[in-house]
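Enquirer: Could you have a look at this structure, given as structure tokens, before my questions?
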Amino acid sequence: MGKKSFASSQPAELKSMSSEDIKSRQWTEKERQALRNASERQASSDESSLDFSEIPRLTEKQLSALVKLRDAKRKVAVSVRLDPQVLSWLRAKGDGHLTRINDILVNLMEAERRIGSRR
């Protein structure tokens, strides 16, 4: 005899939604109140009830792989000519080679500013 299957033990079917679906969605009053409550909790920054004890510490490898996030500022579109080997090297590192160019230049700029401020 096979194992019984209950509806409550079945995984919920996932539904794909676009950002437009979310924007145009009609929210119930219960959902609106839940969002208000979550927003108020977030605004009050009351995280005293959160339990972080079961979250493992990051390893040295994970810490070394972290990337410094920069403030989201509006960027200016420019055209840049690069040596083919430089472009190949950037692309070989994966998606985001244009963002990587900006990050390299920002790091260089910040390093120069630090060195200049020591003089």
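Enquirer: When you scan region 26-68, how many residues do you find that are loosely packed, with under 10 Cβ neighbours inside 10 Å and assigned to a loop (DSSP other than H, G, I, E, B)?
Expert: The total comes to 18.
Enquirer: Checking R91 against (1) out of contact with any His (no Cβ under 8 Å at 6 or more places or on another chain); (2) surrounded by 10 or more Cβ atoms within 10 Å (Cβ to Cβ); (3) of a type outside the set (D, E), which test does it fail?
Expert: Unmet for R91, out of (1) out of contact with any His (no Cβ under 8 Å at 6 or more places or on another chain); (2) surrounded by 10 or more Cβ atoms within 10 Å (Cβ to Cβ); (3) of a type outside the set (D, E): (1).
Enquirer: Residues of region 94-114 being loosely packed, with under 10 Cβ neighbours inside 10 Å and closer than 13 Å to V67 by Cβ, which ones?
Expert: Listed by number, the list holds a single entry, G94.
Enquirer: Scan region 13-37 for residues that are at pLDDT below 85 and either within 20 Å of the chain's Cα centre (by Cα) or of a type in the set (S, T, Y) (or both) and jot them down.
Expert: S16, M17, S18, S19, I22, S24, listed by residue number.
The values are calculated or read from the model by the stated rules, or taken from the named source; none is laboratory data. Values in this document were obtained by computation on a predicted structure and should not be read as measured data. Neighbour counts are summed over all protein chains in view; Cβ atoms, including those assigned to glycine, are modelled from backbone coordinates with ideal geometry.
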